[in-house]
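Have a look at the structure below before the remarks.
The values are calculated or read from the model by the stated rules, or taken from the named source; none is laboratory data. Just so it is clear, the model here is predicted, and its values are computed rather than measured. Quick reminder, even Gly has a Cβ in these numbers, built from the backbone with ideal geometry, and neighbours come from all protein chains shown.
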Amino acid sequence: MTTTNAVDKDRPVALITGASAGLGLALAHGLADRGWALVIDARGVDALDTAASALSAKTEVVAVAGDITGPVHRAELAAAVARLGRLDLLVNNASHLGPSPQPRLADYDLDELRRVYEVDVFAPIALIQQVLPALRESEGVIIDVSSDAAVEPYEGWGGYGSAKAALDHATAILAAEQPALRVYAVDPGDMRTAMHQAAFPGEDISDRPEPEASVPGFLQLLDTRPASGRYKAAELVPAVTS
């Protein structure tokens with residue numbers, strides 16, 4: 001566990017999973033620029049330490065390396081939140097694409113498929129259970145990062161897409177069960193990330209926007225806190241700029 005800067009318990013606190021690169025890191029910087037304290041995680045120690053070092057110039061950061069599917073790691077994240085004294089936002093961003101190139105469901109190795117569901121469905125639900133008391137206390141926000149593959153039946157996306165669809169529905173149910181919270185599933189849109197490149201091996205994805213382009217939509221949710229539900233980040237951006 002790496003901690004940077006002194007703790008200020010008056011600052012809002014966000015826990016962001018998968019925050020060493022891509023959308024998670026972009027969101028972390030967007031919140032740090034607004035003065036949020038952060039708990040971030042990722043599996044890769046070096047990349048996470050690099051991310052934490054850059055973020056520490058802006059805010060308090062606790063970086064906890066580990067696999068989000070592990071109960072011990074989730075407990076460490078909850079402990080890090082407790083050290084900062086509050087939790088205002090949980091972003092379940094860590095995701096697992098599955099094999100690349102992606103197989104059809106008829107050919108999908110079930111152990112691989114199980115891993116996709118462990119990361120993309122079970123781990124977010126388990127982490128929510130772990131930190132729900134802190135979120136209730138702050139009347140906070142949960143954001144589960146979704147995908148258009150959760151609603152569109154793209155050939156070859158049966159593992160990741162069906163897992164994200166399951167997460168979407170779990171998010172909706174949680175919103176109904178926790179009316180004091182705001183609970184969102186957010187589709188960030190196509191992004192130029194390592195995961196997106198893995199989904200299209202050998203293709204040029206340089207025309208996709210950088211993850212930072214999706215951040216204003218996420219921040220708009222936090223600013224306005226509309227009704228719990230499923231949103232597309234790109235559709236929220238005009239509300240920011242109009």
Of everything in region 111-126, what is touching a Leu at 6+ places or on another chain (Cβ under 7 Å) and either surrounded by fewer than 22 Cβ atoms within 10 Å (Cβ to Cβ) or among the hydrophobic types (A, V, I, L, M, F, W, C) (or both)? Give them in sequence order. Val121
Restricting attention to region 103-134, report how many residues are farther than 17 Å from Asp41 by Cα and of a type in the set (Gly, Ala, Ser). 2
If you go through region 30-79, how many residues are part of a helix (DSSP H, G or I), under 20 Å from Phe122 (Cα atoms) and touching a residue at least 12 places away in the same chain (Cβ under 8 Å)? 7
What number of residues within region 152-173 are in contact with a helix residue (DSSP H, G or I) (Cβ under 7 Å, 6 or more places away or on another chain), aliphatic (A, V, I, L, M) and more than 19 Å from Glu112 (Cβ to Cβ)? 1
Would you say Ala175 is touching a strand residue (DSSP E or B) at 6+ places or on another chain (Cβ under 7 Å) and at pLDDT 90 or above? yes
Do we find that Arg83 is assigned to a helix (DSSP H, G or I) and in contact with a Leu (Cβ under 8 Å, 6 or more places away or on another chain) in this structure? no
Quick one: count up the residues across region 60-96 that are over 22 Å from Asp33 (Cα atoms) and β-branched (Val, Ile, Thr). 3
Surrounded by fewer than 17 Cβ atoms within 10 Å (Cβ to Cβ) and either hydroxyl-bearing (Ser, Thr, Tyr) or modelled with pLDDT of 95 or more (or both), is that true of Glu152? no
